[in-house]
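Here's the structure, in structure tokens; my notes come after.
The values are calculated or read from the model by the stated rules, or taken from the named source; none is laboratory data. Computed from a prediction, not measured in an experiment: that's the story for all the values here. Here Cβ is always computed from backbone atoms with ideal geometry, including for glycine, and neighbour counts include all displayed protein chains. With ligands, DNA and RNA removed, areas are computed over all heavy atoms of the protein, side chains included. Shrake-Rupley method; radii C 1.70, N 1.55, O 1.52, S 1.80 Å.
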Amino acid sequence: MKRNISSRTVRVILYCFLLIVALIQIYPIFWVICSSLKTNDELVRSASYAMPQGFFTGHYQRVFSMPTIPNAFRNSIIVTVLELSLEVILTCPFAYALTKLHFKSGPRLFGFVLTGMMIPTFVCLIPMFRMYNILGLRNTYLSLVLPQLGFGIPMSTYMYKSFMDFIPDSLLEAAEIDGASSYQSFFKIVVPMIKNATITILTYKFIYVWNEFTYANTFMTEKSMKTLPIMLKDFAGEYGMMDWGSVYAAITIAVLPTLLIYFILSKNVIEGISLGSVKM
């Protein structure tokens with residue numbers, strides 16, 4: 001009886017602690033969204049935690065009336081779609097070859113790829129900047145896609161390989177006996193089985209690529225090519241002192257896609273994580 005009461009007390013304390021952590025994490029987002037829906041008068045007079053009295057959309061109308069924010073939103077979408085598509089197309093079959101084709105130099109090649117995880121991003125900024133100047137790649141989408149792809153391939157390959165290690169070789173051998181080629185086994189057996197793993201990788205990579213600041217701030221100098229995080233920095237610096245409502249609206253627009261994607265795909269992400277930790 002005492003043991004049950006003790007475990008219940010520990011569980012209540014743990015839940016209370018998790019609730020406090022969740023509130024600390026959620027409050028800044030709640031504050032920004034509520035502030036973006038307040039009038040300028042409410043922003044000055046009401047408390048920061050107060051709910052807006054109405055559904056004021058004037059700040060959003062002002063933001064969308066500026067061509068810079070929609071243009072930056074488009075640039076972020078293009079860079080994100082290109083990077084994520086290329087990363088999945090390259091790393092998924094590469095991990096399959098490393099895991100299931102069992103060629104002699106596979107372990108060495110995998111070890112070489114993993115060394116990319118130990119290279120700091122900032123070490124490569126100046127060499128990449130000079131190389132992009134020579135090749136004329138600055139202020140292009142490739143200047144953002146290539147470095148993020150290069151630094152993302154080791155981790156994505158490692159994650160894919162961890163998931164594929166739990167796919168039984170006997171399953172692929174049975175398909176081979178039935179006449180399936182390696183390509184058919186990959187596309188018809190492996191790819192459907194690692195769907196949740198792919199969604200997990202895409203979700204985490206989307207958050208990173210969408211919010212990437214360093215490369216965009218270094219390689220994108222033309223205003224028409226800036227992505228959303230860089231444009232938010234310039235927007236806040238230019239208008240922040242006189243129109244906080246528009247700044248909050250712009251921040252909400254930037255954060256909303258990440259929140260929506262994570263909430264929609266959270267179930268698949270959890271299943272993908274469980275898939276990588278429990279043998280199939």
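Only helical runs count toward this figure. For the chain, summing -39,500 (n - 2.57) over DSSP H runs of n ≥ 4 and dividing by all residues gives -24500 deg cm²/dmol at 222 nm. Stretching Thr214 away from Ile134 to a fully extended chain increases their span by 26.8 nm, per 0.36 nm per residue minus the current alpha-carbon distance.
The slack in the chain from Leu14 to Ser182, taken as 0.36 nm per residue of separation less the alpha-carbon distance, amounts to 55.6 nm. For region 107-233, the normalised intensity computed at q = 0.20, 0.23 Å⁻¹ comes to -1.14, -1.32 (log10 of I(q)/I(0), Debye sum over alpha carbons, equal scatterers, no solvent). Descending by average beta-carbon neighbour count within 10 Å, the peptides 18-24, 55-61 line up as 55-61, 18-24, the highest first. Normalised by 2.2 N^0.38 Å, where N is the number of residues, the C-alpha radius of gyration of region 145-196 stands at 1.38. Here the spin labels are modelled as points 7 Å beyond Cα on the Cα-Cβ line, and at Leu256 and Ser65 they lie 1.8 nm apart. For the chain, the longest stretch holding no trypsin sites (Lys or Arg not before Pro) located in a DSSP loop with at most 15 other Cβ atoms within 10 Å is which? That would be 105-278. The overall shape of region 1-116 is oblate: from the C-alpha gyration tensor, with semi-axes ordered a ≥ b ≥ c, the ratio a/c is 1.5 or greater and a/b is no larger than b/c.
Using only Cα atoms, locate the centre of region 184-210 and the centre of region 9-61, then give the distance between them in Å, rounded to an integer. Taking the Cα centre of region 9-61 as reference, the centre of region 184-210 is 34 Å away. Work out the length of the dipole vector of the chain about its Cα centre, built from +1 on the beta-carbon of each Lys and Arg and -1 on the beta-carbon of each Asp and Glu, and round it to the nearest 20 debye. It works out to roughly 620 debye.
Annotation: extensible slack from Cys124 through Leu86 equals 11.6 nm (criterion: 0.36 nm per residue apart, minus Cα-Cα distance). Over all distinct Cα-Cα pairs of region 50-95, the Kirkwood formula returns a hydrodynamic radius of 13.7 Å.
Counting Lys +1, Arg +1, Asp -1, Glu -1, what net charge surrounds Cys92 among other residues with beta carbon under 13 Å of its beta carbon?
Charge balance in the 13 Å sphere: +3.
Other residues with beta-carbon under 15 Å from the beta-carbon of Gly58 carry, at +1 per Lys or Arg and -1 per Asp or Glu, a net charge of -1.
Across the chain, the mean sequence separation of Cα contacts (distance under 8 Å, 6 or more residues apart), normalised by length, yields a relative contact order of 30 percent. With coordinates expressed along the principal axes, the C-alpha atoms belonging to the chain extend over 75, 73, 34 Å, beginning with the largest. Rg and Dmax of region 68-131, both derived from C-alpha coordinates alone, stand at 16.7, 52 Å. Looking at Pro52, Ala97, Ile78, which one has the Cα that reaches farthest to the positive end of the dipole of region 1-115 (charges on Cβ: Lys, Arg +1; Asp, Glu -1)? Result: Ala97, furthest along the dipole toward the positive end.
Taking all protein chains together and a 1.4 Å probe, the residues Val190, Val88 rank Val88, Val190 from largest to smallest accessible area. Placing a pseudo-label 7 Å from each Cα along the Cα-to-Cβ vector at Tyr158 and Leu23 gives an inter-label distance of 3.7 nm.
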